[in-house]
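What follows draws every value from the coordinates through simple rules; no lab data is involved. For clarity, every value in this text was computed on a predicted model and none was experimentally measured. Cβ atoms come from the backbone with ideal geometry, glycine included; neighbour counts cover every protein chain shown.
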Amino acid sequence: MEVGIFGNAGSGKSTLFRALSGAGEGASQGKHAGVCAIKVPDGRVDRLAEIFRPKKVTHVSVAFHDIDAGEPDLLSAQALASLKNMEVLVPVLRGFSDDYHPAPPGGMDPVKEFREISSALVLSDYLVAQKRIERMTKEAKRDAEWTALHKAIEAFEKEVPLREVGLVGEEERAVSGFRFASRLPMLAVLNVGEDALRGEAYPELSKAAAKAKVPLIRLCAKVEEEIAQLSPAEQAEFLREMGTGRSARDLLVRGAFDAMQFISFLTVGEDEVRAWNIRRGSTAAAAAGRIHSDLEKGFIRAEVIPCDDFLRCGSMAKAKTEGKLRLEGREYIVKDGEIVHVRFNV
C-alpha cells in the first residue's frame with residue numbers, strides 16, 4: 001500500500017516522515033529517498049509465529065512517501081502527479097508553534113488549511129473532468145464514461161470529493177483511468193505541540209473532518225521523532241509515562257490500512273506465517289488469488305478458522321475435533337483475522 005504524506009511549509013510533515021522512517025526495526029528505507037516501508041502492527045501474526053516457529057514471518061507493510069510539494073504552491077503539478085500515484089493521502093495540518101516556528105499572523109487555523117487542501121484536490125479533478133467532457137462533446141460520445149463524468153462534475157461544483165460519489169459498475173471502471181485525487185481515501189494528521197497531546201486541541205477540526213468523512217489523528221511529530229530514536233523497551237516505557245499504549249506511528253500505520261477498507265487474513269505453516277491484505281467484502285476465491293493466481297483458478301474449498309478460535313484450541317487437530325475449522329466455498333466472504341488454507345487443483 002502506497003501512502004503519500006504532504007503539507008504546507010512549517011506543518012511538520014518532514015519531521016513526521018523522519019519519525020516514521022527512523023522507527024527502529026519496524027521501518028526501513030525504500031529504494032529511493034523519501035520512501036519508508038513499515039509493518040502493520042498485528043499481534044495475531046506474532047502469536048501464531050510463536051506456535052508454528054516458521055522459517056519466515058511476514059507482516060503486511062505500508063510504504064510512506066514524503067511528497068515534496070515545493071514552495072510556494074502546496075499542490076503543484078509535480079506534487080499532484082505524485083499524489084495521484086498514491087492509494088491513501090495524508091495531509092499534515094499545523095497546530096503548534098515554537099521558537100523556530102512562530103505562529104503566523106492571525107494564528108494557526110488547521111480547519112482552514114484542511115478545507116483549502118480538500119478544495120484544491122477537488123478543483124484539480126474538476127479541470128481534468130471538464131477537459132475530457134469538452135472533448136467527448138465534440139466527438140458526440142455518450143456512454144458510461146459520459147454519465148460518470150457528469151456525476152463527478154456535479155459533485156465537484158458543490159466541492160464534494162469523488163470518493164463520496166456513488167459510482168458503480170461501468171461508471172466506476174470508466175473513471176478509474178483518470179486517477180482523480182479526490183477519489184483517494186484521506187487520513188488527516190493534526191500536528192500539535194507536546195503540551196496539547198493530553199487534550200483535544202482544535203475541536204472544530206474534528207467536526208470538519210467528521211463532516212468530510214475523513215479520519216483524524218492528533219500527534220506531536222517532534223515527540224514522535226524522539227520516540228523513534230529509542231529502543232523498543234524504552235519506547236514502551238515512554239508511552240506508558242505518556243498514558244498511551246501505542247505510538248502515533250502505529251496509529252498512523254493502522255489508520256492508513258483502515259482508510260483503504262482493508263482487512264487481514266492469515267496463512268500459517270512451518271515455512272511461513274503471513275498476513276495478507278484484501279478489501280473488506282472480498283470472497284474466498286479473491287483471497288486465494290491474493291496468495292497466487294493458480295489458487296484462484298483451481299479453487300476447490302477454503303479451510304477457515306478465526307485466529308482467536310485457533311489460539312484457544314492451540315492446534316489445528318484440536319480445532320477440527322471441536323468443530324471450529326470450517327469448509328467454505330469460493331463466494332464465502334472472508335473476515336478479518338481468519339486463518340485460511342486453500343484447497344485447489346490446477
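Taken along the Cα-to-beta-carbon direction at a fixed 7 Å, the label points for residue 173 and residue 76 span 3.9 nm.
Cβ crowding within 10 Å ranks 299, 178 as 178, 299, fewest other Cβ atoms first. With each label modelled as a point 7 angstrom along the Cα→C-beta vector, the residue 200-residue 98 pair spans 2.6 nm.
When the helices of the chain are scored as -39500 (n - 2.57) per DSSP H run of n ≥ 4 and the total is divided over every residue, the value at 222 nm lands at -12500 deg cm²/dmol. Just grab the label-to-label distance for residue 322 and residue 308, each label 7 Å out from Cα along the Cβ direction, in nm (one decimal). Those two pseudo-labels are separated by 1.3 nm. For segment 281-344, the Cβ-based charge dipole about the Cα centre amounts to some 180 debye (Lys, Arg positive; Asp, Glu negative; other atoms uncharged).
Quick one, what does Rg over Rh come out to for the chain if you take C-alpha atoms and the Kirkwood Rh?
Value, to two decimals: 1.01.
If the elastic network links every pair of Cα atoms under 10 Å, which of 287, 317, 259 fluctuates the most in the Gaussian network model of the chain? The residue that fluctuates most here is 317. Among DSSP beta bridges lying fully in the chain, give the percent that are antiparallel, nearest 5. That works out to approximately 55 percent antiparallel.
What Kirkwood radius, in Å to one decimal, follows from the Cα pairs of segment 281-344?
For segment 281-344, the Kirkwood estimate is 11.8 Å.
Sparsely packed loop sites in segment 92-193 (the trypsin sites (Lys or Arg not before Pro) outside DSSP H, G, I, E and B with at most 13 other Cβ atoms within 10 Å) comprise 141, 142, 158. When the Gaussian network model of the chain links Cα atoms closer than 10 Å, the mean-square fluctuations of 188, 210, 37 top out at 210.
Taking the Cα centre as origin and putting +1 on Lys and Arg beta-carbons and -1 on Asp and Glu beta-carbons, what dipole magnitude results for the chain, to the nearest 20 debye? Intermediate values should be presented prior to the final figure.
Details: 49 positive and 52 negative charges, 246 e Å.
About 1180 debye.
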